[in-house]
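Just below is one structure, and these are the notes that go with it.
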Amino acid sequence: MRKPTLRSALIYPYISLVIILAVAVGALSYRTGQHAVTTVTEHMLKEIVSRISQAVDRHVVGSVATLETAFPDGMAAPESIETDIEAMQTRFWIATSLHIDPNNYVYYGNIKGQAFGLYRHSINAGELRVKFDAREHRKKFNIDGINASPQYMSTEEKLFDPRTRPWFKVAQTSQKDIWTSVYIDFGTYDLVATRARRVLGSHGELQGVVATDMPLKNLNTFVSNLQISANGIAFIIEPNGDLIASSCSPNIKQTADGQNVRINAADSGNFLLNEVYMRLKPLLKEIDDNVPRTFFFKNSHDQNISVAFEIFRDKAGLNWINVVALPDNDFLGDISKNVLRTIFIAILATCLVVVIGLSIFNWLSKDLTKLAVAVNNVCSGRLEEPIEIHRNDAIGTLADSFRAMQHRLKTDHLTGLPNRYAFEQSLTAMIESYQSEQKPFAVMFVDINDFKQINDRYGHETGDQALIEFAQRLRSNTRSGDLVARLGGDEFVFILKEIRSSAELDPIIQQLDRALAAPLLSITTEKETYHAAIGVAQYPTDALSMKELLSVADNQMYTHKFSFKEARPGSPQDQNEPS
């Protein structure tokens, strides 16, 4: 057996060391990149699941105001509906005007079996459903305004007794508002939940129950349209696993006998959704707060899955779980390819790999450090910090992804304007800078009056184009240095710098009103004009905190809106509905 030569003794260990070094560099690069991506992924998932919770809250909050308007807290219900019919018609019309989508139906039944309900077909049209005797069948009347005289339409064939309905039974013994179980509406075949509240008489005795329906179709649409990743999913479930909304599967199916039934997450037909639910199910038993949480697992296909979830509860007993999940490969694919490429080059170029490897390592570590700093900034909510990395490889792609993520988190996807987050960050900075610069400013709310007409008459696609056009007009008519952002729906908000008196606001408001009142180019069939309701709050004259500023501006905007409606009798109530 030949002894190894000195040359081989030097070369082989050298080659081995070179390969080990290359592998070590590749592994370190992969691990560092994986950690960075995992951190950003976790933050992004929590952000998305929080957005879902905000959407649920916006969807639910209208039902509170609807019931409160129909029967304000403390208002005693009459013993007979017949004695209060005109006042109830007025209150119920206002109640269904507050959030016509989704709360366009509010109804009341009393212990005598009398019933009164108002269903809104549109801004100007509604349908009264009334019965004054438990033994008679409910009659339907058309009305075309808040004080319009009802016009008889028909009488229902089936006897309706409110006292036998689930919403009446669950609410009559509850001390507070209460939700019924989610059910499938027999007319629309969509999921619906009903919020109900008992109503007392003048002596504190039970007189009846008032309720409003909340269709969940729009919530399902919102979840379905979320942009997560190539293979990411989002869904909302009840504690028993029944789907409320899902981006990857239906929430209702039809059985062989033609019956529509709800779908459970365990039977959704989507492999990833099923696995995420089975992993999530045991965790829910140990959680009693509403804080976003994350967990990670490896599925049966050996894929690493990242999951974020948050429990949404309200005072009326709503208890839903919002979930977002995605495979880590959606973000780690480019990093894995880069590691394999580095190892392959090291094996082919053993003589140069040490020098090149060290150079690459230093080069990589510098940018990876920047990425780590960028990740920490994102996790800390500092989205304004730039990422100064400009490369054409996987790390450059990752840096571009971070920049795109920063931009998405700060930008409204439809109009390209800054979103609520970017606005709140800018407003916080303005309040802080006032301490040193003493430069007053103003916050202005702008809400497009009667915007829902566009969606109703021309469709949501035209509504989106109209929103884009309104946004362009607002941006074009903004002073240099001022900020215009979109809060959501047809609501926009401004930060107007160096506003020292109310007189300086008048030309700005007039200019914006003229710009918005021009005919919409996006509606080619008719040259329609729309005005805006505007509210302004000055800092520090009107308020000293962000919350107070927004509240003052919002109240002024609604005052302006209602005065505008009063000046135009018969004008539809603007619903602030998202396009």
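The values are calculated or read from the model by the stated rules, or taken from the named source; none is laboratory data. None of these values were measured; they are calculated from a predicted model. As a convention, Cβ positions derive from the backbone with ideal geometry for all residues, glycine included, and neighbour counts pool all protein chains shown. What goes into the accessible areas is simple: the full protein's heavy atoms, side chains included, and nothing from ligands, DNA or RNA. Shrake-Rupley method; radii C 1.70, N 1.55, O 1.52, S 1.80 Å.
Any residue in segment 438-447 that is assigned to a helix (DSSP H, G or I) and more than 23 Å from Ala230 (Cβ to Cβ)? First the steps, then the outcome.
Here is the first cut: in segment 438-447, the residues assigned to a helix (DSSP H, G or I) are none.
Looking through segment 438-447, none of the residues is assigned to a helix (DSSP H, G or I) and more than 23 Å from Ala230 (Cβ to Cβ).
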query: Could you list, in sequence order, the residues of segment 478-519 that are open to solvent by 30 Å² or more (accessible area, probe 1.4 Å), touching a residue at least 40 places away in the same chain (Cβ under 8 Å) and touching a His at 6+ places or on another chain (Cβ under 8 Å)?
result: none
- line: The residue from Pro166, Pro150, Pro215, Pro162 that alone is over 32 Å from the mean Cα position of the chain (by Cα) and under 30 Å from Ala245 (Cα atoms) is Pro162
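This table checks each residue for (1) under 20 Å from Ile146 (Cβ atoms); (2) touching a Phe, Trp or Tyr at 6+ places or on another chain (Cβ under 9 Å); (3) open to solvent by 10 Å² or more (accessible area, probe 1.4 Å).
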residue	(1), (2), (3)
Phe71	yes, yes, no
Met75	yes, no, yes
Ile81	yes, yes, no
Ile85	yes, yes, yes
Met88	yes, yes, no
Arg91	yes, yes, yes
Ser97	yes, no, yes
Asp101	yes, no, yes
Ala115	no, yes, no
query: Any residue in segment 523-532 that is closer than 30 Å to Gln54 by Cβ, open to solvent by 10 Å² or more (accessible area, probe 1.4 Å) and either modelled with pLDDT of 85 or more or touching a Cys at 6+ places or on another chain (Cβ under 8 Å) (or both)?
result: no
- request: Select from segment 203-234 the residues that are within 18 Å of Pro72 (Cα to Cα) and assigned to a loop (DSSP other than H, G, I, E, B) and list them in ascending order.
  value: His203, Gly204, Glu205
- request: Residues being touching a helix residue (DSSP H, G or I) at 6+ places or on another chain (Cβ under 7 Å), in a strand (DSSP E or B) and more than 15 Å from Asn103 (Cα to Cα): count how many of those fall in segment 172-196.
  value: 1
query: Under the condition of being open to solvent by 10 Å² or more (accessible area, probe 1.4 Å) and within 23 Å of Ala316 (Cα to Cα), which residue from segment 223-240 is farthest from the chain's Cα centre (by Cα)?
result: Asn240
- request: Mind counting the residues in segment 409-437 that are part of a strand (DSSP E or B), in contact (Cβ under 8 Å) with a residue 40 or more places away in the chain and among the polar types (S, T, N, Q)?
  value: 0
query: Within segment 143-171, can you find the residues that are surrounded by fewer than 17 Cβ atoms within 10 Å (Cβ to Cβ), out of contact with any helix residue (DSSP H, G or I) (no Cβ under 6 Å at 6 or more places or on another chain) and in a loop (DSSP other than H, G, I, E, B)?
result: Asp144, Gly145, Asn147, Ala148, Ser149, Glu156, Glu157, Lys158, Leu159, Asp161
field: Number of the exception - Tyr189 against (1) of a type in the set (Phe, Trp, Tyr); (2) in contact (Cβ under 8 Å) with a residue 60 or more places away in the chain; (3) under 24 Å from Glu68 (Cβ atoms); (4) open to solvent by 30 Å² or more (accessible area, probe 1.4 Å)
entry: (3)
task: Kindly check whether there is at least one residue in segment 247-260 that is outside any loop (DSSP other than H, G, I, E, B), open to solvent by less than 20 Å² (accessible area, probe 1.4 Å), in contact (Cβ under 8 Å) with a residue 12 or more places away in the chain and within 28 Å of Lys281 (Cβ to Cβ).
output: no
query: For segment 205-219, what are the residues that are farther than 15 Å from Ala171 by Cα and either modelled with pLDDT of 95 or more or out of contact with any Lys or Arg (no Cβ under 9 Å at 6 or more places or on another chain) (or both)?
result: Pro215, Leu216, Lys217, Asn218, Leu219
- line: For segment 455-466, the count of residues that are farther than 15 Å from Ala518 by Cβ and open to solvent by less than 20 Å² (accessible area, probe 1.4 Å) equals 2
- request: Could you figure out which of (1) within 21 Å of Arg313 (Cα to Cα); (2) open to solvent by 40 Å² or more (accessible area, probe 1.4 Å) isn't true of Met278?
  value: (1)
